[in-house]
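**Student:** Attaching a single structure in structure tokens format; questions to follow.
The values are calculated or read from the model by the stated rules, or taken from the named source; none is laboratory data. In this text the structure is predicted, and so the values were computed from the model without any measurement. Note that each Cβ is placed from the backbone with ideal geometry, even for glycine, and that neighbours are counted across all protein chains shown. For accessibility, only protein heavy atoms count, side chains too; no ligands or nucleic acids. Shrake-Rupley method; radii C 1.70, N 1.55, O 1.52, S 1.80 Å.
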Amino acid sequence: MRQHRVSTVRRLARATVAASAAAAALAFGFSAPSQAADPSLREVAESTGRFIGTAVNDGLLSNGTYSDIVSTEFDSVTAENAMKWEAVEPQRGQYNWAGGDRLVQFAQDNDQLVYGHTLVWHSQMPGWLQNGSFSNNELRQIMTDHVTTQVSRYKGQVQRWDVVNEAFNEDGSLRQSKFYQQLGASYIADSFRAARAADPDAKLFINDYNTELDNAKSDGLYRLVSDLLAQGVPIDGVGFQNHLIVGNVNGPAIRQNLQRFADLGLEVAVTELDIRMQMPSDSSKLQQQARDYRAVADACLAVSRCSGITVWGVSDRDSWVPDVFEGQGAACPWDENYRPKPAYDALRDAFVAAGGDPGDPDDPEPPTGDCSAVFNVSNRWDTGSVVSVTVRTGQALSGWRAQFDLPAGVSLANGWNGSFSQSGSTVTVANAAYNGTVPAGGTISFGFQTSGGAAQDGTRVSLGGQECAAG
Ligand code: G3I
């Protein structure tokens, strides 16, 4: 089984983490890290069908300890800075792909997803853009050219993009960025359209902070994404950054807020999780931090459309927090010496509790059985609907193809978590590059939007030509 081969390879790789960490300890003069628990975060996460990611500083990938942790513990990577406009297009029309390419290559070498961050953002803009004067038309062209060029560069290699980042003020109004001031709210729809045209298979996200709870800011975001969906703008997901504070994390409220966005038919994700504390840290703060990490992970895992969790940095040594919040830090799952903290264990425990313990990789597969499917129309209107489909398979799969029929006159508008085609009334969904491997008893989830009418709840689904039971 591919899953088993990968697990074994990772286990061998994990054995090297301790060795290279010891070498790093000698070189940097700190004590050697204890080894992370086995199985790894990515192994327990993969078994739940969610991803576990980290922001990566590509400049640190030459550090063996750092890169070993990134490759063995995570199955998704986000460029912490290397894919931002300032880094990618430092001069108008002149692109520098060095950092982004390095990260994408690393991800491919290690069987990881790439979460692209970020295309249109008021911050970290290059000087020529920040300070330049452009007519509205010219600015719109500059923006869509940038989106098109970057998404095209990584077509098929970046699975998710933060197309628009931090578009909101705390009161829920749109931030007075250069784009908003000159182009109005349409800059958002235009960015998404350009991204979709450049890579129809990439999932397109809007991402923000302080939107984790139901508040004025997340209400503004909710109104915006509802409007975008109603207009047919190609948006697939909402990213919730989750830059949080120890002792100030309300897991159930986070879950509820994730769910209200998921109920729009959108994917949701925790995109930049870190939980900072007043320094110095002590064991009671670290224990509280672990409970807080667990609460956020549980919130995501309780929402079926929450596709994964990305932490914003591996270790406290590399985190942005102390540079910005004076006297605060220790926000990451690994400490300054790359030792896993209680927060690391808490993340693992959350995935295991959600069914993510893959057990002994050398054990035979659990018994196989048939498939069952839930075909749920979560939102409908006169001329369309949003549908989520969950198929449970009794057999381990290393690639899958599901089929179902839509009512006459109803067409597929767009889909996510699969590759979609329609012939007559029959829709075929094949796995995407990143979700073809499913363990026996595991689930496949995909969704889509229709036009020309609504789909019907409970529509029968077949998997690999075999009709699945309902429910
Ligand atoms: O690249 C320059 C370098 O040339 C210069 O010598 C050096 C001097 O300070 O600065 C370098 O730029 C730094 C950049 O990271 C790249 O390393 C900036 O100073 C520094 O401010 C910048 O910080 C990043 C920050 O975004 C910028 O807003 C952090 O590393 C990064 O973690 C942080 O990430 C953001 C997300 O993108 C969006 N959400 C919030 C999150 C935390 O702020």
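**Student:** If I filter segment 55-88 down to residues being open to solvent by less than 10 Å² (accessible area, probe 1.4 Å) and part of a loop (DSSP other than H, G, I, E, B), which single residue comes out as farthest from the ligand (Cβ to nearest atom)?
**Tutor:** Top of the filtered list is 74.
**Student:** Here's something else I'd like to know. If you check 394, 458, 441, 415, which single one turns out to be open to solvent by 20 Å² or more (accessible area, probe 1.4 Å) and farther than 26 Å from residue 260 by Cβ?
**Tutor:** 441
**Student:** Considering only residues that are of a type in the set (Val, Ile, Thr) and more than 16 Å from the chain's Cα centre (by Cα), look in segment 243-280 and name the one that is surrounded by the most Cβ atoms within 10 Å (Cβ to Cβ).
**Tutor:** Among them, the one singled out is 275.
**Student:** I've got another one for you. For segment 212-328, please list each of the helices (runs of 4 or more DSSP H) lying entirely inside it that holds at least 3 residues being within 16 Å of the ligand (Cβ to nearest atom).
**Tutor:** Once the helices (runs of 4 or more DSSP H) in segment 212-328 are filtered for at least 3 residues that are within 16 Å of the ligand (Cβ to nearest atom), what remains is 216-230, 321-324.
**Student:** Quick check on segment 262-320: of everything there that is in contact with a Cys (Cβ under 6 Å, 6 or more places away or on another chain) and free of Cβ contacts under 8 Å to residues at least 40 places away in the same chain, which residue is nearest to residue 379 (Cα to Cα)?
**Tutor:** Only one residue tops the list, namely 268.
**Student:** Do we have any residue at all in segment 108-130 that's part of a loop (DSSP other than H, G, I, E, B), over 21 Å from residue 241 (Cβ atoms), out of contact with any strand residue (DSSP E or B) (no Cβ under 7 Å at 6 or more places or on another chain) and within 16 Å of the ligand (Cβ to nearest atom)?
**Tutor:** Within segment 108-130, one or more residues are part of a loop (DSSP other than H, G, I, E, B), over 21 Å from residue 241 (Cβ atoms), out of contact with any strand residue (DSSP E or B) (no Cβ under 7 Å at 6 or more places or on another chain) and within 16 Å of the ligand (Cβ to nearest atom).
**Student:** Another question, then. State which residue is farthest from the ligand (Cβ to nearest atom) when the search covers only segment 168-182 and only residues that are under 22 Å from residue 135 (Cβ atoms) and assigned to a loop (DSSP other than H, G, I, E, B).
**Tutor:** So, considering only residues that are under 22 Å from residue 135 (Cβ atoms) and assigned to a loop (DSSP other than H, G, I, E, B), the one farthest from the ligand (Cβ to nearest atom) is 176.
**Student:** Which members of segment 368-391 meet the condition of being at pLDDT below 90 and either surrounded by 20 or more Cβ atoms within 10 Å (Cβ to Cβ) or closer than 23 Å to residue 232 by Cβ (or both)?
**Tutor:** Within segment 368-391, 371, 378, 379, 380, 381, 382 meet the criteria.
**Student:** Contact list please: Cβ distance under 7 Å, first residue in segment 230-244 and without any contact (Cβ under 8 Å) to a residue 60 or more places away in the chain, second residue among the small types (Gly, Ala, Ser) and more than 14 Å from the ligand (Cβ to nearest atom), pairs at least six apart or on different chains.
**Tutor:** Final answer for the pair search is 231/189; 233/189.
**Student:** Quick check, is residue 421 over 21 Å from residue 305 (Cα atoms) and open to solvent by less than 50 Å² (accessible area, probe 1.4 Å)?
**Tutor:** Here the answer is no, as residue 421 does not meet what is asked.
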